[in-house]
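Taking it in order: structure first as structure tokens, then the write-up.
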Amino acid sequence: MKVLVVDDEPQIRRALRTSLEAHGHQVTAVATGEEGVVAAAEEQPDLVLLDLGLPDMDGTEVIRRIRGFSDVPVIVLSVREGQGDKVAALDAGADDYVTKPFGMEELLARTRAALRRAGPDEPAVPSLRYGSLEVDLARRLVTLGGEPLHLTPTEYSLLEALVANPGKLLTHQWLLRRVWGQGYGTETTYLRTYVRALRKKLEDDASSPALIVTEPGVGYRWIGEPTE
């Protein structure tokens with residue numbers, strides 16, 4: 001795997017290079033946003049690890065420019081903990097957001113998850129199973145424990161958006177626009193109500209979720225592990 005690291009801190013670049021190369025990956029590391037955009041175009045990496053606080057441009061601008069020519073997974077690494085920064089990066093096209101300082105094992109796990117989502121195109125899976133839950137995407141049917149589960153059209157669309165993006169942090173704005181339309185984006189209370197109703201029907205305990213995780217102030221993530 002080819003990894004592009006864009007970070008202006010030499011010690012971070014060294015640490016990431018050492019750890020990633022120890023896991024057999026090829027690493028290109030640069031210190032500015034402009035170098036990052038050029039390297040993303042020329043090197044065609046499999047993954048980009050990007051700092052937001054770069055000396056020449058904000059990381060969100062780097063994401064937008066990369067998204068103009070590539071769908072490569074981008075994981076943001078940043079000291080910024082504000083919800084606004086996370087939402088801006090995710091809405092710009094980032095796939096995940098990790099706050100510094102971070103554990104290398106967590107970063108590697110998120111790297112593997114991002115790469116799984118961006119794997120080679122496969123034939124569409126008509127039916128997905130998560131334990132006793134089955135989502136038949138072809139027929140738009142959901143069963144739980146072998147029994148049909150009644151979902152409203154909106155609840156089904158919300159579930160479909162989540163299962164189609166496993167492991168990915170989906171922002172409130174993205175979900176609202178995906179499920180309700182482009183005229184929506186700020187109705188987080190509305191979205192929260194539907195997620196609560198969907199969880200109840202899926203019998204997913206919000207205090208110890210197995211399917212839908214809340215990322216406070218940012219969005220939701222589908223963590224259900226598919227079964228054969």
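Points worth noting:
- Whole-number accessible area per residue in Å² for region 167-228, which is evaluated in the context of all protein chains at 1.4 Å: 56
- Peptides 134-144, 163-173 ordered by packing proxy, namely the average of other Cβ atoms within 10 Å per residue, highest first: 163-173, 134-144.
- Part-to-part distance (alpha-carbon centres) for region 163-190 and region 40-90, which is given in Å: 20
- Whole-percent carbon and sulfur share, accessible surface of the chain, 1.4 Å: 50
- Built amide H within the under 5 Å cut-off of Tyr97, gap 5+: Val76
- Neighbour net charge for Ala197 - beta-carbon separation under 13 angstrom, K R +1, D E -1: +2
- Net charge of Cβ neighbours under 13 Å - reference His172; Lys, Arg +1; Asp, Glu -1: +2
- Mean accessible surface per residue for region 1-122, computed with a 1.4 Å probe while every protein chain stays in place, in Å²: 47
- Of all DSSP-defined beta bridges confined to the chain, some 50% are antiparallel rather than parallel.
- Along each principal axis, Cα extent of region 104-223, largest first, Å: 41, 33, 30
- With only the Cα atoms considered, region 179-220 has a convex hull volume of 77 Å³ per residue.
- Remark on Met57: its backbone amide H falls under 5 Å from those of Gly33, a criterion applied only to residues 5 or more positions apart or on other chains, H modelled at 1.01 Å from N.
- Rounded to 10°, Cα long-axis angle of helix 188-202 versus longest principal axis of the chain: 60
The values are calculated or read from the model by the stated rules, or taken from the named source; none is laboratory data. Just so it is clear, the structure is predicted and the values come from calculations on it, not from any experiment. Cβ: placed from backbone, ideal geometry, glycine included. Neighbour counts: every protein chain shown. To get the accessible areas, we keep the full protein, side chains included, count just its heavy atoms, and leave off ligands, DNA and RNA. Shrake-Rupley method; radii C 1.70, N 1.55, O 1.52, S 1.80 Å.
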